[in-house]
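The structure appears right after this line, and notes come after that.
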Amino acid sequence: MRFRYQCEGRSAGSILGEYSTETNKTLPAIELQNFEGNPEVKVTACLVWKDQPHRIHPHSLVGKDCHDGLCEVTLKPRTNPKHSFNNLGIQCVKKKDIEESIERKLHLGIDPFKAGSLKNHQEVDMNVVRICFQASYRDAMGEMQRLSPVLSEPIFDKKSTNTSELKIYRMNKEYGSCAGGEELYLLCDKVQKEDISVVFQKDSWEAKADFSQADVHRQVAIVFKTPPYQHLDIMEPVEVEVSLRRLTDSVSSDSVNFLYLPKDNDTYRVNKKRKQGMPDVLEELSGPDPHGIEAKRKKKKPGYMDHFSLSPSAAGPMTHLEDGNFLSSLENITLPQPFEDYGLLPDFASYASPSLSDVLLSCTPDFPDGTDPEFLSDSFALHSSISAPLPPSRESDPDGTAGLVGSSLFPSQFKEAEALAEMEARLKAANAALNM
């Protein structure tokens, strides 16, 4: 049970009997036997050490009929030789008050086993006690007689990890390979990390789990690895028991079940993958187009004329140059975007439709004296003999020749400009043919 300090009050409950259960609670009880001749018997209960010589304990009994650390009741054997101690608790003292508490009890004559006291009272175990019952009566001569004392079973302090009850609350897994080595988590009541073990057992076989003191988390959780089962060639699952065991007194907790599974021989899941089947790679390779060549051929290739768009009126096929709609649609040709990106176009808001001459300058620029114009041949590599009129802001030479301005154009833009020049040349030839 839980030992309480004086400052905590009397809310610890009652000491239960040895055979008490969750459904049937019992209390400590005594019975006077072969004592019918005495009308009255006094029974005194006190706390003593767990082990011999059973010296008086510094802790005290508190509750009904208790005073000065004792509990005294008077029984009448002729009418009721039995008595149950109800609402009986244990009040513990601080270590600094041990000697004072023992001396006070000895002064009151409380020493059932005549064991006396020790000079060093720090040897007492503060986490476990026994209740000592002793009966006394007066004989026919009026002298006080005492019967031999009777001891209860040890009573442990529930808050102490050295003597508390061991209990497993939960494990994260209840099965594992018979080869062992699997990591498990266990939740329990408070335990001492240096005084606890996890035991797997079945019949006469027993093995301890592998873990270190660092694997005990805050005294309430243990991380451990399962031990291998005694037989590694089992064909069916085997159920074993898992329990906590204290090393000092070999006290064990109630066990929980754990299932050892047969060893998995297919570690890399090869057989499982074979059962799932292979992908249809061979079927794809054996098809009519294993390398995707036909698909690539059907794919539309990019063209330079994709940048140009015709108006809806000119969307029909251009089969004959003599068609008047073909010539009228030429006025709606738009220039590609790259010329606008490089700022080569002026403001065409005042023009009905831009033409190639809007982006062409004269091929006869003025150079300083002694300057060889051939070093700019890359910039003026594209020429045309088109005699189209230039914008008012531009000057054209008498011959009507024009050159492409700007050395920062990319090769693809030169090709687009060349295509425009070629197209205008064809249009000029077609116009001349029509005029004839």
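The values are calculated or read from the model by the stated rules, or taken from the named source; none is laboratory data. In this text the structure is predicted, and so the values were computed from the model without any measurement. Every residue, glycine among them, receives a Cβ derived from its backbone with ideal geometry; neighbour counts consider all protein chains shown. Each accessible area value is taken on the protein alone, full model and side chains, heavy atoms only, with ligands, DNA and RNA left out. Shrake-Rupley method; radii C 1.70, N 1.55, O 1.52, S 1.80 Å.
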Among residues of the stretch 211-250 being in contact (Cβ under 8 Å) with a residue 60 or more places away in the chain and more than 24 Å from N162 (Cα to Cα), the residue most open to solvent (accessible area, probe 1.4 Å) is P237
Flagged in the stretch 1-17 as at pLDDT below 85, assigned to a loop (DSSP other than H, G, I, E, B) and of a type outside the set (K, R), in numbering order, are M1, F3, G9, S11, A12, G13, S14
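May I ask you to say which residue of A115, A140 is part of a loop (DSSP other than H, G, I, E, B), surrounded by fewer than 16 Cβ atoms within 10 Å (Cβ to Cβ) and in contact with a strand residue (DSSP E or B) (Cβ under 9 Å, 6 or more places away or on another chain)?
Among A115, A140, only A115 is part of a loop (DSSP other than H, G, I, E, B), surrounded by fewer than 16 Cβ atoms within 10 Å (Cβ to Cβ) and in contact with a strand residue (DSSP E or B) (Cβ under 9 Å, 6 or more places away or on another chain).
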Out of all the residues in the stretch 136-148, is one or more modelled with pLDDT of 85 or more and under 59 Å from the mean Cα position of the chain (by Cα)? no
F85 vs. criteria of a type in the set (A, V, I, L, M, F, W, C) and modelled with pLDDT under 85: no
Residue hits (the stretch 59-68; of a type outside the set (K, R) and either surrounded by fewer than 18 Cβ atoms within 10 Å (Cβ to Cβ) or assigned to a strand (DSSP E or B) (or both)) are S60, L61, V62, G63, D65, C66, H67, D68
Of the residues in the stretch 1-35, those that are within 14 Å of A135 (Cβ to Cβ) and not aliphatic (A, V, I, L, M) come to E31, Q33, N34, F35
Of those in the stretch 29-38 that are open to solvent by less than 90 Å² (accessible area, probe 1.4 Å) and part of a loop (DSSP other than H, G, I, E, B), the residue modelled with the lowest pLDDT is G37
Quick count over the stretch 129-143, residues being of a type outside the set (D, E, K, R) and free of Cβ contacts under 8 Å to residues at least 60 places away in the same chain, is 3
Residue hits (the stretch 78-107; assigned to a loop (DSSP other than H, G, I, E, B) and closer than 27 Å to G13 by Cα) are P81, F85, N86, N87, V93, K94
Counting only residues in the stretch 6-23 that are loosely packed, with under 11 Cβ neighbours inside 10 Å and among the charged types (D, E, K, R), the one nearest to V124 (Cα to Cα) is identified as E18
inquiry  = Being of a type outside the set (S, T, N, Q), touching a Lys or Arg at 6+ places or on another chain (Cβ under 8 Å) and part of a loop (DSSP other than H, G, I, E, B) is the requirement here; does M126 meet it?
reply    = yes
With the condition kept exactly as written, say whether any residue in the stretch 184-192 is modelled with pLDDT of 90 or more, over 30 Å from P39 (Cα atoms), within 25 Å of the chain's Cα centre (by Cα) and open to solvent by 20 Å² or more (accessible area, probe 1.4 Å).
yes
Among (1) under 30 Å from Q192 (Cα atoms); (2) out of contact with any Cys (no Cβ under 7 Å at 6 or more places or on another chain); (3) not aliphatic (A, V, I, L, M), K167 falls short only on (2)
Every listed condition ((1) more than 30 Å from D189 (Cα to Cα); (2) open to solvent by 10 Å² or more (accessible area, probe 1.4 Å)) holds for C71 save (2)
Filtering strands (runs of 3 or more DSSP E) wholly in the stretch 193-232 for at least 1 residues that are over 16 Å from R246 (Cα atoms) and of a type in the set (A, V, I, L, M) gives 221-225
Residue pairs qualifying under the 7 Å Cβ cut-off, at least six apart or on distinct chains, with the first in the stretch 251-269 being modelled with pLDDT under 85 and the second being not hydrophobic (A, V, I, L, M, F, W, C) and not in a loop (DSSP other than H, G, I, E, B), are K263/S177; D264/S177; D266/K272
Quiz prompt | Flag if T26 is within 26 Å of K159 (Cα to Cα) and open to solvent by less than 90 Å² (accessible area, probe 1.4 Å) | solution = yes
